Amino acid sequence: MLIVVALGLPAAVPIAALPTAASAAPAAGAVPALGSVIPAPVEVRPVAGADFRLGPLTVIRTQPGSAAARAVGDQLARALRPATGYPLPVLPAAPRVLPTISLLLGAGEAQLGDEGYRLSVDRRSITIRANKPAGLFAGTQTLRQLLPQEIESRTPVRRSWSVAGGSIVDHPRFAYRGSMLDVARHFHTPDEIRAYIDEISRFKINHLHLHLSDDQGWRIQIDSWPRLTTVGGGPGTGVDGTGPGYLTKADYRDLVRYAAARHITIVPEIDMPGHVNAAQVAYPELTCDGVAPPPRTDTAVGYSSLCIGSETTYRFVEDVIRELAALTPGPYLHIGGDEAHATTDADYLTFQQRVLPLVAKYGKTAYGWNEITQSPASANAVAQFWDTATTNPTVVAAAARGTKVVMSPANKAYLDQKYDRNTPLGLSWAGYIEVRTAYDWDPATHLTGLPASAVLGVEAPLWSETLRSLDDIEFMAFPRLPAIAELGWSPASTHDWESFRARLAAYGPRWTARGVDFYPSPQIDWS
Ligand code: TNX
């Protein structure tokens with residue numbers, strides 16, 4: 001973060017000079033310093049004596065004529081009303097005498113891009129300007145963190161509500177900042193998925209990848225193959241038989257809308273040609289011998305494969321891709337492709353050469369785990385790098401042909417790995433991942449020989465073999481998800497562990513207030 005001290009000094013203070021945990025974690029009641037937000041903003045210019053005080057007369061003014069700006073204003077008002085108890089009307093114009101929070105489009109600043117914003121705070125007003133509604137939304141997430149932590153209260157708190165004066169200019173480093181939720185190993189309900197969306201949208205995550213099918217279960221309604229969900233999502237499905245359920249198309253459309261209102265794009269994944277046991281239980285014709293395998297509720301991987309030589313396979317795959325593409329306004333459709341150990345290498349290539357182009361046929365960009373880069377047809381695709389090694393010549397060669405890469409190295413970004421050996425949930429095959437491990441790496445340089453220009457962004461996957469409840473999801477995601485979010489959003493020049501851990505310490509009480517069951521890492525001096 002570039003801190004330009006507004007005292008007439010030309011000093012640009014690097015983020016390392018921000019106060020650290022000992023001094024920065026605000027006590028209950030303190031006004032957060034401008035810029036003490038996650039992810040770290042690009043540029044912060046505090047101005048002394050220019051704090052804005054939110055009061056009972058404050059109005060929220062949104063760009064006249066823009067329903068999308070109005071929607072962001074309404075969301076901000078809904079976020080701020082419970083704790084303040086103020087009415088915070090949302091209006092297209094506001095009398096000059098009233099303290100105003102303005103959300104305005106047409107910033108006219110190319111550097112802000114589609115998701116960036118400029119936030120200015122003085123004694124009379126707060127103004128967020130952006131080129132697009134997504135930028136306004138991002139700016140309001142910053143503003144929420146700049147209000148005292150009591151703003152998270154669901155009931156009115158009597159106190160003053162000040163925001164530190166000055167200005168912030170902010171825009172993302174990477175276009176793709178994601179998290180993945182595995183709803184196949186254990187189904188998570190739409191309410192739980194919405195709660196997760198709420199939490200990740202606060203950190204400017206803009207994609208939610210849903211892992212919708214695996215050996216243990218199939219979780220999305222497909223009309224042309226109805227037994228996928230009636231059998232594959234039915235009783236007894238999921239790890240230990242304890243994760244049944246599926247999303248109807250109506251559920252899924254609702255989730256897409258809910259996420260879009262928070263400027264998050266849902267990325268659906270159907271995993272193939274491996275990880276298909278649940279589909280084969282429902283439809284034995286998807287095996288080569290036509291015999292249904294037994295349902296599986298264990299956590300082994302790599303034993304199932306679609307029948308690569310069978311036309312039924314491609315009828316199935318095309319039906320699924322067509323129906324999924326029709327449900328998906330976003331650009332990406334994820335076709336898995338990982339751990340296909342029961343598929344021969346030749347069959348794997350045959351499959352991908354046929355299936356990757358099918359995604360394009362239905363108007364979507366194919367997205368798959370990094371194994372898809374073995375196929376020349378992956379040149380127009382996005383590959384999700386999940387390996388623990390930092391070299392992968394196959395991925396680097398594909399990038400040279402045009403493949404874009406989302407970085408999810410399992411030993412850094414996997415939210416299902418244990419924090420340490422005492423973590424009650426999670427797996428540890430990729431190693432223990434404490435907060436600092438999740439934070440201290442660079443998506444642009446992590447994979448040897450991969451040019452930064454090939455990196456589309458970063459994603460933190462949360463596999464659910466050991467998870468049951470929303471509490472479990474929260475315990476594994478937080479506080480590591482904000483670390484990954486910062487890697488995705490903030491400029492590399494702001495990267496600083498001491499600053500991050502101080503901001504995280506200050507954030508903890510907000511999770512507590514919202515009832516989010518985060519892991520109280522001993523690496524953080526929680527305030
Ligand atoms: C590997 S990483 C998998 C998943 C497991 C996960 C558990 C990858 C693409 N596949 O099938 O759920 O490890 O950590």
HN-Hα J in Hz across region 424-436 - Karplus 6.51, -1.76, 1.60, θ = phi - 60°, x for Gly and Pro:
x, 10, x, 10, 9, 5, 9, x, 7, 10, 6, 4, 5
Helix 67-84 vs. the chain, principal-axis angle (Cα, 0 to 90°, nearest 10)
70
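How many percent of DSSP beta bridges within the chain run antiparallel, rounded to 5? Intermediate values should be presented prior to the final figure.
On the way: 20 of 66 bridges.
Once the DSSP bridges in the chain are tallied, antiparallel ones form about 30 percent.
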Once you put a point 7 Å from the Cα of Asp440 and another 7 Å from the Cα of Thr242, both along the Cβ direction, what distance in nm separates them?
3.5
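Taking 0.36 nm per intervening residue step and subtracting the Cα-Cα distance, what contour gain separates Ala261 from Asp345 on full extension?
Working: separation 84, 0.36 × 84 = 30.24 nm, distance 4.20 nm.
26.0 nm is the gain from fully extending Ala261 to Asp345.
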Charges only on Cβ, +1 for Lys and Arg, -1 for Asp and Glu: so what's the dipole of the chain about the Cα centre, in debye to the nearest 20?
2460
The chain: angle of helix 249-261 to the longest principal axis, Cα-based, in degrees nearest 10
30
For Ala460, the residues 5 or more places away or on another chain with a placed amide H closer than 5 Å to its own amide H are Gly178, Ser179, Met180
For region 413-479, treating each Cα as an identical point scatterer without solvent, what Debye log10 I(q)/I(0) comes out at q = 0.23, 0.26 1/Å?
-0.97, -1.12
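Of all DSSP beta bridges in region 72-200, what percent run antiparallel (nearest 5)? Don't skip to the end; give the middle numbers.
On the way: 9 of 15 bridges.
Of those bridges, close to 60 percent are antiparallel.
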Check: C-alpha center region 379-405 vs C-alpha center region 177-230, spacing in Å is 25
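How much length is gained if the chain between Arg78 and Thr512 is pulled fully straight, taking 0.36 nm per residue apart and subtracting their Cα-Cα distance, in nm to one decimal? Numbers along the way, then the final one.
Details: separation 434, 0.36 × 434 = 156.24 nm, distance 1.95 nm.
Going from the current span to full extension adds 154.3 nm.
Between the DSSP loop rule and a limit of at most 14 other Cβ atoms within 10 Å, which trypsin sites (Lys or Arg not before Pro) in region 39-129 are left?
Details: sites: Arg53, Arg61, Arg70, Arg78, Arg96, Arg118, Arg123, Arg124, Arg129; in loops: Arg96, Arg123, Arg124.
Within region 39-129, the qualifying trypsin sites (Lys or Arg not before Pro) (loop, at most 14 other Cβ atoms within 10 Å) are Arg96, Arg123, Arg124.
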Mind computing the radius of gyration and Dmax over the alpha-carbon atoms of the chain? Å is fine for both.
23.6, 78
Measuring from the longest principal axis of the C-alpha atoms of the chain, the long axis of helix 133-146 (C-alpha) lies at a number of degrees, nearest 10, equal to 60
Using a simple spin-label model with points 7 Å from Cα along the Cα→Cβ vector, what separation in nm is obtained for Ala326 and Glu109?
4.4
For region 115-230, just the Cα atoms, rotate onto the principal axes and tell me the three extents in Å, largest first.
61, 34, 20
Amide H to amide H under 5 Å from Asp271: which residues, 5+ apart in sequence or cross-chain, H placed 1.01 Å off N in plane?
Leu212, Ser213
Between Ala397 and Leu91, what FRET efficiency follows from the Cβ-Cβ distance if R0 is 45 Å, with the result rounded to 0.05?
0.20
Calculate the spin-label point distance for Asn422 paired with Ser153, positioning each point 7 Å from the Cα along the beta-carbon direction, and give it in nanometres.
3.3
Given a Förster distance of 60 Å, report the FRET efficiency between Tyr314 and Ala30 from their Cβ-Cβ distance, rounded to the nearest 0.05.
0.50
Scalar couplings 3J(HN,Hα) for region 274-284 by Karplus 6.51 cos²θ - 1.76 cosθ + 1.60 (θ = phi - 60°), nearest whole Hz, x for Gly and Pro, are x, 6, 10, 4, 4, 5, 6, 5, 6, 9, x
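Laboratory data are not the source of any read-out in this text; all were calculated from the coordinates shown. Computed from a prediction, not measured in an experiment: that's the story for all the values here. Quick reminder, even Gly has a Cβ in these numbers, built from the backbone with ideal geometry, and neighbours come from all protein chains shown.
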